[in-house]
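Notes follow once the structure below has been shown.
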Amino acid sequence: MSLAWDMVRHRFAAFAGTFIAIALGVAVVAGATSLWASSRPETPRRLSAAPVLVHSPTVGTNEDGYPEYRSWTTAEAAGLARRLAALPGVTAAVADPAFYVQRVVGGRPTGDPESARTDGHAWSSSVLGGYRLTAGDAPARPGEAAVAGVAPGTRIDVLTARGPASWTVTGTTDGPGLYVADATAAALSAGVRIIGLTGGGDPAAVAAAARSAVGTDGTVLSGAARDELEPEYVTRTRWLGAQLLIAMVGLGSFVAVFVVAGTCALSAAQRRREIGLLRAVGATPGQVIRMMYAETLVVAVLGGAVGVPLGALAAVLLAPALVAAGLEPAGFAVTAQPAALAAAFLLGIVVALAGVWTAARRSSRVPALDALREAAIERRAMTLPRWITGLLGVAGGTAVLAALPSLSHNAQSSAALGAAMLLLVAAALLAPVVIVPLVRLVTWPWRRRVSGMLIREGTLTGTRRVASTAAPVLLTVGFAVLFTGVVATISEGAGADAAADVPVALVAAPDGTPGLSEAAVRVQPGESYLASRVLVVTGGRTTGHDVAGADGVTGVVLSRELAGLPRELNLRFADGTTTTLPVTAVRADAPAAMVLPRELIRRHDPGALTGAVLLDGPAVPATGMRVLTARGYAQLEIDAEGKIIDLFLAVLLSLGVGYTGVAVANTLLMATAARRAEFRALRLAGGGTSHVLRVTSGEALLAVATGTLLGGAVALLCLLATRRSIEDELGQTIALVVPWGRNAAVAAGCALIAVLAAGGPVLRSRGNKNG
């Protein structure tokens, strides 16, 4: 290890690329894992002061894999609360009926629409969050409320599922939410799902007693288990953030291995004489391998020592951005995660050793005399394994593209992406074969000029160097064109398809709210559906289904997917009540899994909201509503998803370009520094520093252009195949959309890095008589 340390210390420039790649990789992994580990489910703040919580029973999972619960009726919750309040160690058992409410300021609803669905509570449940009045009195009558930050006596405008209302603030609380009289909350909410237990008894003993009292009528949670009560929309938000963080870890690790492997391979090639000398004085292949492993281990430890604190700092700085982007819930903060940081450090070492494996094995087999031989011409860039792997990639990618039309619509997009990956990797492997004819073609007009001839011949002589520079550019530009093109094309097609599904020109849509209130909908001319969810009990099994409430409907109207259900259904509504209704029709165009009479849904789900109104006349202005065209309405959901996708693309492309910059810069820095004798000869022949810079810059730009052309060509070929699969799925012709500006910026960034990296060693050696 002492020899390895001395080698790294005295020749650190040769290991700079590996050091930077490992430091960045460890920083990415450390930051991402710290964010992920900090983003764990939490007990809702409004329930955090209750050591034991009882949730209504679950009946399985819904379509998205989340638990499906049934509510207690108000009477059931009251009876269960009385039994629980009588348990030893329990001071009070308080039900928490939650309902939709939003403050309205300046005529516009405020706050987060999703959290507003449960922002309203009964005043008695404020004790579950430990909230108290700082001024005024508790609400006792309809139209009264307790709110944080508002003085008693103030009139506030609110929006509920019924419509706009004006409430009088009777008390100021020290916690978020809007609290009303218990009777008012019961009238506005759809049943009860939470009962909190307060008191000074041992939580474990109270929880055990509560389980005996509750039986199968609910689930008792205490301690960390209360975190399971985190709202579903918050869990979804955390899941989205986790996908981005996982992608960052995967891409960071993969590209770090790629960069380290390329750096080590080039370093080993340039150290052939040194390794040959070691072999000549008796070094065995095993000693050569151990030496390279030891050197890389030293660099990995140094890189990890730098990357870990950088990642920890980046996690703290990125947390607010993730919250703003909707990938983490409000209030999210990074906590100390020593295990995540240690794992990132160890992963950096593993990545470094994996990257050097091939170079070490190849160097150990170099004959001493062959390594001591000097030649201006590089050894052949295309080895037999590289030929075989590259050609297999071309054959596999082409075969997948040819088979796309015969695959199912669901499989076509994944197959197209797989084909693109095969072809891009194959293009990177076969780049040395393409470089020679491509360089001859591109440089043909300048072949008789001095600089043009030098660039041309230098590139043709150093195909391995050019291929090492072009490969990361090829992959980065190729994936950039592919990903951005696929997203833009799908968005274009989805927008046209969604707009075609809206049979009217104008739509009344929510504006800053999770849905439209009943007051807003009733005055609009047009068709609308009240959204809710019901549980269906068939054969002893309970399943949840989305339901739409519509005027003029009797009984239950089923969608075609549910046509196999019995002709008479046992239903449990959002408020926990049950009834039996006949199936009166099956419709292929049903707006939801089930359609029920609107008034029936409203009666059993006071918090139900309407998604939109398909207007057939002039809209009537209403709070929390806006009028959009059919295309604008269809674009709302696309834009919401597009925002997340754009963030994913921005992060992944930034990582890709960053690592590509490291790979390109390191390759050119090492290669240019090794050509000092060549540049000295050029100066002796009359060329100045500017001539040398033109040659190195021209070669660098030529390598970047080669990678850009190859990567872009492969990506466009795959995009055309992807567009065809999208057209088949939608049944209509769509345009191929490629964000050329964004991809040009990626290529320009690679070119700038390449020119700076190629010119750096030349400028440093200016004025040096030895080189």
Computed D for region 539-590, Stokes-Einstein, Kirkwood radius over alpha-carbon pairs, 20 °C, 1.002 mPa s, to the nearest µm² per second, is 179 µm²/s
Among (i) 35.9, 126; (ii) 35.6, 112; (iii) 33.3, 101, which one is Rg and Dmax of the Cα atoms in Å computed from these coordinates? (iii)
I'd like to check one number: the per residue accessible area of region 1-140, probe 1.4 Å, reported in Å² as a whole number. 44 Å²
Can you give the accessible area of residue 551, probe radius 1.4 Å, in Å² rounded to 10? 100 Å²
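May I ask you to rank 72, 387 by accessible area, largest first, using a 1.4 Å probe over the protein chains only? It would help to have the intermediate numbers written out before the result.
Values: 72 5, 387 100 Å².
Correct descending sequence by accessible area is 387, 72.
Net charge within 11 Å of residue 610 by Cβ-Cβ distance, Lys/Arg positive one each and Asp/Glu negative one each, not counting residue 610 itself?
So the environment of residue 610 carries a net charge of +1.
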Most to least accessible of 313, 535 (protein chains only, probe 1.4 Å): 313, 535
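Take 160, 358 and sort them by solvent-accessible surface of the protein heavy atoms, 1.4 Å probe, largest at the top. If you can, show how the numbers build up before the last one.
Numbers: 160 10, 358 70 Å².
So, going from the largest accessible area down, we get 358, 160.
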³J(HN,Hα) across region 596-613 via Karplus (A = 6.51, B = -1.76, C = 1.60, θ = phi - 60°), whole Hz, x for Gly/Pro? 10, x, 4, 5, 5, 5, 4, 5, 9, 9, x, x, 5, 10, 9, x, 5, 10
Applied in sequence order to region 298-310, the curve 6.51 cos²θ - 1.76 cosθ + 1.60 (Karplus, θ = phi - 60°) yields integer Hz couplings, x standing for Gly and Pro, of 4, 5, 5, 5, 5, x, x, 5, 7, x, 4, x, 4
Expected vector for region 168-177, Karplus 3J(HN,Hα) from phi with 6.51, -1.76, 1.60 and θ = phi - 60°, integer Hz, x for Gly and Pro, equals 9, 7, 9, x, 9, 9, 9, x, x, x
Kindly provide the helix-only [θ] at 222 nm of the chain, computed as the sum of -39,500 (n - 2.57) over DSSP H runs of four or more divided by all residues, to the nearest 500 deg cm²/dmol? -19000 deg cm²/dmol
q = 0.18, 0.30 Å⁻¹: log10 I(q)/I(0) that the Debye formula gives for region 92-138, counting C-alpha atoms only: -0.69, -1.06
Roughly how compact is region 92-213, stated as its Cα Rg over 2.2 N^0.38 Å to two decimals? 1.12
Semi-axes in Å, largest first, for region 552-671 (Cα gyration tensor, √(5λ)) are 50, 22, 14
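Where both partners of a DSSP beta bridge lie in region 529-653, what percent of those bridges are antiparallel, to the nearest 5?
Details: 21 of 29 bridges.
Around 70 percent of the beta bridges assigned by DSSP in region 529-653 are antiparallel ones.
The values are calculated or read from the model by the stated rules, or taken from the named source; none is laboratory data. The structure displayed is predicted, hence computed values, not measured ones. For neighbour counting, all protein chains shown are included, and Cβ atoms are generated from backbone atoms with ideal geometry for every residue, glycine included. With ligands, DNA and RNA removed, areas are computed over all heavy atoms of the protein, side chains included. Shrake-Rupley method; radii C 1.70, N 1.55, O 1.52, S 1.80 Å.
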